[in-house]
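Heads up, the thing below is written out as structure tokens.
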Amino acid sequence: MKNVFYKSAYGDIFYDFTLADGKPIIIFTHGVGMDHKTFEMQVDALKSDYRILVWDLPGHGHSTIKKHKERFRRISADCLNGLMNELKIDKAIFVGQSLGSMIVQHFQIKHPEKVIATIHVPGIELKSHVGSWSKIFIPFMMFMLNLIPSKIFYTSFGKHRAVNKDVQKYLSETMSRTGKKRALEITKDMVYDLIDKSPEPKKVPLLITYGKKDLFFIRNAAKKWHRKETGSNCTEVQNANHIANQDNPEEFNKAVIDFLTALEYGEGDDAGTHNMKYERSEAPSEYSRFNG
């Protein structure tokens, strides 16, 4: 993989990009307090059939961040667009995890011509979920979160977002490197993003996933989004919490591979979806592509 930095207006952005030519491109965007390594098991499962771009959001992992006044999803989407231009990527399939899902949706609104399909884990539609009156509670919520000691904050972040102990440890460690202050600033932006109204993005093939053990609000929001979007796919990942792609990679990967296979072979045309057909030597079958 090509392992370098892209110099954006908001900081130096770390990324890895496979160099193989002639294959469809998948771009993975991680959640708050995490880094590109959250998708290692997805990269391993897909790298033989796709070109993969993983990156660290501004201020996460190896990426830096400069002072800014924009909401985090906006600067992240701008960084991603700049990175794609730098790498001469015209179109891609986008995977977003939690905050990454919101960034992908914002990117889709701003740059619809570059989006072939989107995959969300979990999937929460970028729209107003509650009335604007609820903004009066945000300062109080942030005040209460700020009272939590940093060490407890990092440990709780892992414990309450994953089932697997190794994943919990990873989340706590990456969050501690990101820092409580930055994580809370981004969390505040995310809350505002789920209150404010957003434009409807252009329709593309859509896979919505969520962990069976995730919060009720998130599971319910994912189901509502699926019911609203005709032709979308929705998968409940068993024995998984918020970070379903790491908690249960086998089941998550299967859902992703089935979705991508349908795109490749033109299924779902009657739903008005965009097809991604290309030549390949062998059709995938069940778990073969991620079990070797």
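In plain terms, the chain from S150 to M41 could stretch by 36.3 nm, reckoned as 0.36 nm per residue minus the Cα-Cα distance. Subtracting the Cα-Cα distance of V4 and F137 from their residue separation scaled by 0.36 nm leaves 43.8 nm. Cα centroid distance between the range 17-65 and the range 149-226, in Å? The distance from the Cα centre of the range 17-65 to that of the range 149-226 comes to 18 Å.
Other residues lying with their Cβ under 12 Å from the Cβ of D21 contribute a combined charge of +3, Lys and Arg counting +1, Asp and Glu -1. Sort the range 1-142 into rounded, prolate or oblate with this rule: let a ≥ b ≥ c be the square roots of the eigenvalues of the Cα gyration tensor; rounded if a/c is under 1.5, and if a/c is not under 1.5, prolate when a/b is larger than b/c, oblate otherwise. It is prolate, given that a/c is not under 1.5 and a/b is the larger ratio. In angstrom, the C-alpha Rg and Dmax of the range 140-213 are 15.4, 43.
For a straight C-alpha distance cut-off of 16 angstrom, the lysines reachable from K159 (same-chain residues fewer than eight places away being disregarded) are K151, K169, K180, K212, K213. Here, the range 62-200 has an Rg and a Dmax of 16.2, 45 Å when only alpha carbons are counted. What's the local net charge at D189, with K and R +1, D and E -1, over the other residues with C-beta under 10 Å away? Counting the neighbours of D189, the net charge comes to +1. Within the shell defined by Cβ-Cβ distances under 13 Å, the residues around L206 carry a net charge of +1, with Lys and Arg each +1 and Asp and Glu each -1. Would the range 91-167 count as rounded, prolate or oblate if I go by the C-alpha gyration tensor, calling it rounded below 1.5 in a/c and otherwise prolate when a/b exceeds b/c, oblate otherwise? Here the range 91-167 falls in the oblate category.
As a proxy for reagent exposure, ranking V32, V130 by other Cβ atoms within 10 Å from fewest up yields V130, V32. Once Rg and the Kirkwood radius are both taken over the C-alpha atoms of the chain, their ratio Rg/Rh works out to 0.94. If the limit is 22 Å between Cα atoms, which of K165/K188; K47/K254; K69/K228 go over it? Cα-Cα > 22 Å for K165/K188; K69/K228; rest within. Report the normalised scattering of the range 179-272 as log10 I(q)/I(0) at q = 0.16, 0.23, 0.24 Å⁻¹, calculated by the Debye formula with identical scatterers on the alpha carbons. Log10 I(q)/I(0), no solvent term: -0.84, -1.22, -1.24. This ranking places Y265, Y6 by how few other beta-carbon atoms lie within 10 Å of each, fewest first, which gives Y265, Y6. In plain terms, the residue of F72, F137, F5 with the fewest other Cβ atoms within 10 Å comes first and the most crowded comes last, giving F137, F5, F72.
None of the figures in this text is laboratory data; all of them are computed from the coordinates on show. Just so it is clear, the structure is predicted and the values come from calculations on it, not from any experiment. We place every Cβ from the backbone using ideal geometry, glycine too, and count neighbours over all the protein chains shown.
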